[in-house]
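Working notes, beginning with the structure itself.
The values are calculated or read from the model by the stated rules, or taken from the named source; none is laboratory data. Values in this document were obtained by computation on a predicted structure and should not be read as measured data. Cβ sites come from the backbone with ideal geometry, for glycine too, and all protein chains shown count toward neighbours. The area values use the complete protein model at the heavy-atom level, side chains included, leaving out ligands, DNA and RNA. Shrake-Rupley method; radii C 1.70, N 1.55, O 1.52, S 1.80 Å.
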Amino acid sequence: MKKVTLLGAVLSLPLLALAGDPPARKPVPPADNAGITLPNGFAATVLSDGVGKARHAVVAPNGDVYVKLNQLADGKGIVRLRDANGDGKADATTAFGTFKGTGLAIANGYLYASSDTSVYRYPLKNGVVDETAQPETIVTGLTFQRAHAAKSIALDDAGKLYVNFGAPSNACQERDRVKGSPAQNPCPLLEDYGGIWQFDANRKNQRQSDGTRYATGIRNAVALEWNPVAKQLYALQHGRDMLATLFPELFNNEQSAELPAEEFLLVKKGADFGWPYCYYDQQRKQKVLAPEYGGDGKKTDRCASKEQPIMAFPGHWAPNDLLFYTGNQFPARYRNGAFICFHGSWNRAPLKQGGYFVAFVPFGKDGKPSGPYEPFAEGFAGGPEIMNPGDAVARPVGLAQGPDGSLYITDSVKGKVWKVRYGK
Amino acid sequence: MKFLFFSMLSGCGWFWLSLVAMPIRNPQSQIRNPIDSGKVVYDTYCLACHQADGRGVPGQNPPLAKTDWVLGDKTRLIGVVLNGLNDPVEIGGETYDNPMPAHDFLTDQQVADVLTYVRSHFGNQAPPVKPEEVKSVRGKK
């Protein structure tokens, strides 16, 4: 039976190709939703099959989609995708900017883009990015760091720029990730890392010392976003790794895969979220003392006074982007809610990996989640179980909202870009 | 071959000594076998980053499968385990950024066993590493 069906499918393929559909003017999603699954009523098209090692994305007022690359492609680090005929597929692709990195945002008439050591901006003219302009350097001279180097960015509506300074460390041991190496107490890395720094969004050539430490105790926040409705900064932290590898007498592989939580943070000025001294245990629903600092998986100690997350996710899912939906295209319940891109884990091994999907979190008027998180876009990895991240066909890494309310999702493996729409 | 087997047997004392210091969640083997004990070391200290299949994590932790870093110069390989690695590694066009922590807390026998295991698994076929070779590299530090 299977053979017959297969044969039929093979035979009908050339016929379909010969029939030649007239050029589409409206987005016509492929029947399989371009390889991902979405809630009823939503459909996806592939804007691009691959732009390179994609990170964050943003859409200009004219609908052009910009994607930041973490590895230069033909010497360029920002790709522009334009869908002039509106069929949901990019029909013109250009690239500019000679630096690789993660962050991308549009605010006060500029496209802001970050490398791992700087933040630049390009002017917009009539809603179109002037790609030929020499970019202005807004933040410069940041220390090149190996681990957690992504300088994700967010801009508020009062001329401030927020930059993630991930800690170049797992848990601030004297020798990073070395079993038995003692913790540094206090952790000197917190002076320059492990937090969010605030800068003037319009002042050129600022050094880190020209900014102020807006919040601390955040190990690494690749997902960083200003919520224009709540008028607050939000972030998601990548929790610490290797509880079982470093403390096998306290944690087994199952505990080490689930703990600690990936934390969704409402980042108020002056907040301290506790890294490296504390981590959030989503089962105990509290911050507990890290084993490097004398913790046993239960003790809370100094962690009782640390800022709590507004939501917790299972360990190591790697939240890499956050977007507050302000469009009108999606049903009303999505408005002002949060989309979160989980790039997918590696530190859950030897257990199967987790993440590799886009979640939705409904928000209330108080600027906090009004219900549990739910899967929104799934199936990126291409299989039900991923043991090694290298087996994932795609890994969602960036989110952007178009002027028509469509949601764009980027992938870090090949740089595929999906456009998700609701309705016809 | 026979000689090799006996020389490994002679490392027995070291192995039992190291067992005392090494937390093992699943002590299975009663008979000294460098591959079995190498797997215990691998699963305990290496697997989290280099993964169960030795293929690492794209962009972050380099693969151990079929790379010159593992199959080539033993001195360099032993040095990476003992001293860690702070520079990015490029393998097959992919750059791996995560630093490798030093594992000098492992005994010579444990380093030899885990490298012997890694060099004969994940599709690798390379001669074993002896504790004396580890000792020699450790001494040069």
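Look at the range A:366-395 and say how many of its residues are surrounded by fewer than 16 Cβ atoms within 10 Å (Cβ to Cβ) and of a type in the set (V, I, T).
Number of matching residues: 0.
Go through the range A:396-424 and give me each residue that's within 14 Å of chain B (Cβ to nearest Cβ), open to solvent by less than 10 Å² (accessible area, probe 1.4 Å) and in contact with a Gly (Cβ under 7 Å, 6 or more places away or on another chain). Even if it seems obvious, please write down each step before you answer.
Within the range A:396-424, the subset within 14 Å of chain B (Cβ to nearest Cβ) is A:397, A:411-415.
Now narrow it down to the ones that are open to solvent by less than 10 Å² (accessible area, probe 1.4 Å): A:397, A:411, A:415.
Selection gives A:G415 alone.
Given (1) closer than 30 Å to A:F357 by Cβ; (2) at pLDDT 95 or above, identify the lone condition not met by A:D272.
Of the numbered conditions (1) closer than 30 Å to A:F357 by Cβ; (2) at pLDDT 95 or above, the odd one out for A:D272 is (1).
For the range B:101-134, name all the residues that are in contact (Cβ under 8 Å) with a residue 24 or more places away in the chain, closer than 30 Å to A:Q71 by Cβ and within 12 Å of chain A (Cβ to nearest Cβ).
B:H103, B:F122
Report, by residue number, each residue of the range B:41-69 that is within 11 Å of another protein chain (Cβ to nearest Cβ) and open to solvent by 30 Å² or more (accessible area, probe 1.4 Å). Talk me through it step by step, then tell me what you get.
Taking the range B:41-69 as the starting set, the residues that turn out to be within 11 Å of another protein chain (Cβ to nearest Cβ) are B:42-61, B:63, B:65.
Listed by number, the residues that qualify are B:D43, B:A52, B:D53, B:R55, B:P58, B:Q60.
Go through the residues of the range A:365-372 one by one and say whether even a single one is charged (D, E, K, R), more than 14 Å from chain B (Cβ to nearest Cβ) and in contact with a Lys or Arg (Cβ under 9 Å, 6 or more places away or on another chain). Let's see the steps before the verdict.
First pass over the range A:365-372, keeping only residues charged (D, E, K, R): A:365-366, A:368.
Next, from what is left, pick out any that are more than 14 Å from chain B (Cβ to nearest Cβ): A:365-366, A:368.
Imposing the further condition that a residue be in contact with a Lys or Arg (Cβ under 9 Å, 6 or more places away or on another chain) reduces the set to none.
The answer is no; no qualifying residue exists.
Kindly indicate the residue of the range B:70-99 that is in a helix (DSSP H, G or I) and not aliphatic (A, V, I, L, M) and also nearest to the other protein chains (Cβ to nearest Cβ) among those meeting that condition. Working first, answer last.
Within the range B:70-99, the first condition is being in a helix (DSSP H, G or I), and the residues that meet it are B:70-71, B:74-83.
Next, from what is left, pick out any that are not aliphatic (A, V, I, L, M): B:74-76, B:79, B:83.
Numbers: B:K74: 22, B:T75: 21, B:R76: 20, B:G79: 15, B:N83: 11 Å.
Per the criteria, the residue is B:N83.
Considering only the range B:114-137, state which residues are open to solvent by 70 Å² or more (accessible area, probe 1.4 Å) and closer than 20 Å to B:Y45 by Cβ. Reasoning before the result, please.
Step one: filter the range B:114-137 for residues open to solvent by 70 Å² or more (accessible area, probe 1.4 Å), giving B:125, B:127, B:130, B:132, B:135.
B:K130, B:K135, listed by residue number.
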